[in-house]
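Read the structure below first, then the notes.
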Amino acid sequence: MAKDLDLPLSVIGCPTVREKDGLALSSRNVYLSPLERSVAPLLHRTLQDCAAAIRAGKPVAEVMQHGRTALTAAGFAVDYLEARHAESLATVASQGDGPIRLLVAARLGKTRLIDNIAV
């Protein structure tokens, strides 16, 4: 977006800071009940499992649907779980469509959690 709007700035990416169990560090985490907090790391594990399945050559659409199902079964209300081109954010159909980034937003109780990882 900065490039498209010709904004005079540079966007510098950095690794996500995580709790020891993989949950992305966020001020929102304090809103999770103890039970929700114990379930929350599944968000990151699901991204890792989906990334591994895509790297293994499984169909992207099938992997994403399996991930959504797993999150829903664990009690998340999934806003989105998507595989997108890492630079353009265009939809991808296969691993060959370029560098892929997995993006997720899901609610656990009243808390909306977000995360992303590279494939």
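When each of 81, 35, 5 is tested for being at negative phi and surrounded by 15 or more Cβ atoms within 10 Å (Cβ to Cβ), the lone residue that passes is 81. Remark: residue 105 falls outside the filter, which requires a residue to be among the small types (Gly, Ala, Ser) and in contact with a helix residue (DSSP H, G or I) (Cβ under 9 Å, 6 or more places away or on another chain). Here residue 54 passes the criteria (1) over 21 Å from residue 82 (Cα atoms); (2) surrounded by 14 or more Cβ atoms within 10 Å (Cβ to Cβ); (3) of a type in the set (A, V, I, L, M, F, W, C) except the one numbered (1).
For beta carbons closer than 6 Å, sequence separation of 6+ or different chains, a first residue in region 3-22 that is more than 24 Å from residue 39 (Cβ to Cβ) and a second that is surrounded by 10 or more Cβ atoms within 10 Å (Cβ to Cβ), the qualifying pairs are 9/2; 11/2. Restricting 104, 17 to residues that are open to solvent by 70 Å² or more (accessible area, probe 1.4 Å) and within 18 Å of residue 117 (Cβ to Cβ) narrows the list to 17. Note on region 86-101: among residues that are within 16 Å of residue 63 (Cα to Cα) and surrounded by fewer than 16 Cβ atoms within 10 Å (Cβ to Cβ), the one that is modelled with the highest pLDDT is 91. In region 30-54, the residues that are in a helix (DSSP H, G or I) form Cβ pairs under 9 Å with partners that are aromatic (Phe, Trp, Tyr), at six or more places apart or across chains, as follows: 39/76; 42/76; 43/76; 46/76. Looking across region 86-108, the residues that are part of a strand (DSSP E or B) and farther than 18 Å from residue 49 by Cα come down to 91, 107, 108. Of the residues 98, 57, 67, the single one that is in contact with a strand residue (DSSP E or B) (Cβ under 7 Å, 6 or more places away or on another chain) and on the phi > 0 side of the Ramachandran plot is 98.
The values are calculated or read from the model by the stated rules, or taken from the named source; none is laboratory data. Please read these numbers as outputs of a predicted model, since none were measured by experiment. Positions of Cβ are backbone-derived with ideal geometry, glycine not excepted, and every protein chain shown enters the neighbour counts. Side chains included, ligands, DNA and RNA excluded: accessible areas come from the protein's heavy atoms. Shrake-Rupley method; radii C 1.70, N 1.55, O 1.52, S 1.80 Å.
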